[in-house]
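In what follows, a single structure is set out as structure tokens and then discussed.
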Amino acid sequence: QVQVVESGGGLVQPGGSLRLSCATSGSIFRTYTMGWYCQAPGKERELVAQITSGGNTAYADSVKGRFTISRDNAKNTVYLQMNSLKPEDTAVYYCRANWGPFNHWGQGTQVTVSS
């Protein structure tokens, strides 16, 4: 069973930054497509950013230019650097590890952007 554990959430003022981390178990981490999703109260979970095993990235329009996804295969970890945060970024952020038809989700980490 692949374990996925997010960390790094918290309370930050508008315009601030946070870096989320997602540690994943398993010896084939480098083959996973990794994604960060967010879910705000009353809304569906949606993709924020994704990085493939080859390092190709994709972002939601709402975070382009502000968020950066990266991965460290030696540490089995994917990161989400979040800059210029806005109140509308407030949500629970989830990490997903995908390999073929298999998806493994973490428990989520809360990000709150408020003054």
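Among the residues of this structure, Thr52 does not count as one that is within 15 Å of Val4 (Cα to Cα) and either open to solvent by less than 60 Å² (accessible area, probe 1.4 Å) or not charged (D, E, K, R) (or both). The set of residues in the stretch 83-103 that are in contact with a Lys or Arg (Cβ under 7 Å, 6 or more places away or on another chain) and of a type outside the set (S, T, N, Q) contains only Tyr94. Ala60 meets all of the listed conditions (1) open to solvent by less than 40 Å² (accessible area, probe 1.4 Å); (2) within 11 Å of the chain's Cα centre (by Cα) but one, namely (2).
Taken over the stretch 69-91, the criterion of being under 15 Å from Tyr37 (Cα atoms) and either in contact with a His (Cβ under 6 Å, 6 or more places away or on another chain) or buried (at least 17 other Cβ atoms within 10 Å of the Cβ) (or both) is satisfied by Ile69, Val78, Tyr79, Leu80, Met82, Asp89, Thr90, Ala91.
Take the conditions touching a residue at least 24 places away in the same chain (Cβ under 8 Å) and either touching a Cys at 6+ places or on another chain (Cβ under 6 Å) or open to solvent by less than 50 Å² (accessible area, probe 1.4 Å) (or both) and apply them to Ser21. Does it pass? So Ser21 passes the test.
Just give me the residues in the stretch 31-80 being among the hydroxyl-bearing types (Ser, Thr, Tyr) and more than 15 Å from Thr109 (Cβ to Cβ), in sequence order. The answer is Thr31, Tyr32, Thr33, Thr52, Ser53, Thr57, Tyr59, Ser62, Thr68, Ser70. State yes or no: is Trp105 out of contact with any helix residue (DSSP H, G or I) (no Cβ under 8 Å at 6 or more places or on another chain), hydrophobic (A, V, I, L, M, F, W, C) and either open to solvent by less than 60 Å² (accessible area, probe 1.4 Å) or within 14 Å of Val4 (Cβ to Cβ) (or both)? Judged against the criteria, Trp105 is a match.
Every test in (1) modelled with pLDDT under 95; (2) touching a Phe, Trp or Tyr at 6+ places or on another chain (Cβ under 7 Å) is passed by Gln3 save one, and that test is (2). In the stretch 92-102, the residue that is farthest from the chain's Cα centre (by Cα) out of those that are at negative phi and open to solvent by less than 70 Å² (accessible area, probe 1.4 Å) is Asn98.
Screening Leu11 on (1) outside any strand (DSSP E or B); (2) open to solvent by 40 Å² or more (accessible area, probe 1.4 Å); (3) not β-branched (Val, Ile, Thr) shows it passes everything except condition (1).
The values are calculated or read from the model by the stated rules, or taken from the named source; none is laboratory data. As the structure is a computational prediction, the values presented were derived from the model and not from experiment. Note: ideal-geometry Cβ built from the backbone for every residue, glycine included; neighbour counts use all protein chains shown. Note: accessible area is taken over every heavy atom of the protein model, side chains too, but ligands, DNA and RNA are not part of it. Shrake-Rupley method; radii C 1.70, N 1.55, O 1.52, S 1.80 Å.
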